[in-house]
Amino acid sequence: MSRVCHFTGKRTISGKSISRRGKAKRLGGVGKKVTGVTKRKFKPNIQKVRAVVDGKVCRVRVSAKAIRMGLIVKPVKRNYQPAEKAAS
């Protein structure tokens, strides 16, 4: 399964990690120099949650931001009673 949010569409994106050395000019140095650039990935915080989608309860993969924003509707908790307690 891919790491994609069902509601916001957030997905893994690529970027770069830049390594620098030296002392900044504002601190009295000759300036920072780039010594290397490597690829990296930015991954969204994807969670599996039970949610009501189109009137049905199903497990969906959503980002933590979608949960905080209130985009998902969680199902109501059922009031389960064991059979022997319900009879008496």
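Any read-out appearing in this document is the output of simple, stated calculations on the displayed coordinates, not a laboratory observation. Just so we're clear, the structure is a prediction, and the values are computed from it rather than from any experiment. Quick reminder, even Gly has a Cβ in these numbers, built from the backbone with ideal geometry, and neighbours come from all protein chains shown.
At full extension, residue 81 and residue 58 could sit 6.0 nm farther apart than now, given 0.36 nm per residue minus the alpha carbon distance.
Coupling constants for the range 15-25 follow from the phi torsions by the Karplus curve (6.51 cos²θ - 1.76 cosθ + 1.60, θ = phi - 60°), and in residue order they are x, 10, 10, 9, 9, 10, 9, x, 10, 4, 4 Hz; glycine and proline get x. Counted over the chain with a bin width of 5 Å, the fraction of Cα pairs per bin, in whole percents, is 3, 11, 13, 11, 9, 8, 8, 8, 8, 6, 4, 3, 2, 2, 1, 1, 0.
In a simple Cβ point-charge model (Lys, Arg +1; Asp, Glu -1; nothing else charged), the chain has a dipole of about 900 debye relative to its Cα centre. Judged by the mean number of other Cβ atoms found within 10 Å, the most tightly packed of the peptides 42-52, 20-30, 58-68 leads the ranking 58-68, 42-52, 20-30.
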